[in-house]
Amino acid sequence: MHVVSFDIDGTLVASVGFDAELYAEAVREVLGVEIDTDWSRYENVTDSGILEEILDKHSSPDQRDRLAQEVHASFVGRTERYAAENPGFIREVPGALALVEALRKSPQVRVCLATGGWAETATLKLRAIGLEPSALSMATGSDASRRTDIMRLAESRATQGLKATRRTYFGDGVWDKRAAGELGYDFVAVGNGVDHDVVFSDLQDADAILSQLGV
């Protein structure tokens with residue numbers, strides 16, 4: 001069994017351009033501080049992991065839970081409003097839907113989604129590009145703050161106790177590559193944000209990608 005796991009933002013969904021800005025706005029609204037949106041500088045590049053690091057610097061222990069909930073709610077609300085006000089702006093990375101569908105048809109493949117985004121925004125973005133999240137095994141930043149933990153959970157939900165003989169992770173960030181390496185996954189880079197030997201500018205060349213996967 002080959003587990004093929006996908007990040008969402010920048011990998012299946014073109015949303016990185018506005019995501020960081022909305023996240024920074026949510027933190028500014030609740031905490032009154034400006035944050036660094038170079039996500040590579042954070043230890044855990046997930047919505048929950050970044051927020052934990054920010055709250056370590058800008059809140060007291062007795063405030064953390066309340067402030068975390070407020071930032072979460074603000075970010076989800078901003079993303080929902082953005083999507084409603086900009087219909088069609090959340091787009092699939094070219095070829096994403098066709099590739100996922102092709103992989104789902106393969107009997108030796110289990111497809112899953114492992115994203116650092118919170119569940120609500122991940123679901124919104126997937127549905128915006130025409131991919132129903134309930135049809136796929138998925139783990140998100142709502143499940144854990146460490147990407148490796150999210151990936152393990154997504155794999156577990158996809159395999160349902162069966163053993164994977166090969167595992168591949170598609171991602172667009174250096175943190176995706178690092179997490180794949182820690183878990184022993186093959187890594188496929190999407191876009192131009194990662195220096196890697198296996199890279200595709202998008203997901204349109206399904207034949208080449210499937211060949212790379214041995215499917």
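The values are calculated or read from the model by the stated rules, or taken from the named source; none is laboratory data. The shown structure was predicted, so the numbers you read here are calculated from the model rather than taken from an experiment. Ideal geometry is used to build each Cβ from the backbone, glycine not excepted, and the neighbour counts take in all protein chains shown.
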Exercise. Within the range 171-179, is there a residue that is touching a helix residue (DSSP H, G or I) at 6+ places or on another chain (Cβ under 8 Å), part of a strand (DSSP E or B) and modelled with pLDDT of 95 or more?
Worked result: yes
Problem set entry | Selected residue (only one of LEU183, LEU162 is modelled with pLDDT under 95 and over 15 Å from GLY10 (Cβ atoms)) | LEU162
Problem set entry | Residue tally, condition in contact with a strand residue (DSSP E or B) (Cβ under 7 Å, 6 or more places away or on another chain) and at pLDDT 95 or above, over the range 77-91 | 0
Seminar exercise, completed: With the first residue restricted to the range 167-196 and required to be at positive phi, and the second required to be buried (at least 17 other Cβ atoms within 10 Å of the Cβ), Cβ contacts under 8 Å at 6 or more apart or on different chains are GLY184/ARG167; GLY191/GLY10; GLY191/THR11; GLY191/VAL93; GLY191/ASP172
For this session: Scan LEU131, LEU103, LEU126, LEU99 and give me the residue that is at pLDDT 95 or above, surrounded by fewer than 23 Cβ atoms within 10 Å (Cβ to Cβ), part of a helix (DSSP H, G or I) and not charged (D, E, K, R).
Result: LEU103
Seminar exercise, completed: Filtering the range 40-79 down to residues that are hydroxyl-bearing (Ser, Thr, Tyr) and in contact with a helix residue (DSSP H, G or I) (Cβ under 7 Å, 6 or more places away or on another chain) yields SER40, TYR42, THR46, SER59, SER74, THR79
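Which of the following residues is over 20 Å from the mean Cα position of the chain (by Cα) and surrounded by 16 or more Cβ atoms within 10 Å (Cβ to Cβ): VAL45, VAL71, VAL93, VAL30?
On the way: VAL45 fails: over 20 Å from the mean Cα position of the chain (by Cα); VAL71 fails: over 20 Å from the mean Cα position of the chain (by Cα); VAL93 fails: over 20 Å from the mean Cα position of the chain (by Cα).
Every option except VAL30 fails the conditions.
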For this session: Check the range 145-157 and report whether any residue there is more than 16 Å from the chain's Cα centre (by Cα), part of a helix (DSSP H, G or I) and among the polar types (S, T, N, Q).
Result: yes
For this session: Would you mind finding the one in SER74, SER5, SER48 that is at pLDDT 95 or above, among the small types (Gly, Ala, Ser) and in contact with a strand residue (DSSP E or B) (Cβ under 8 Å, 6 or more places away or on another chain)?
Result: SER5
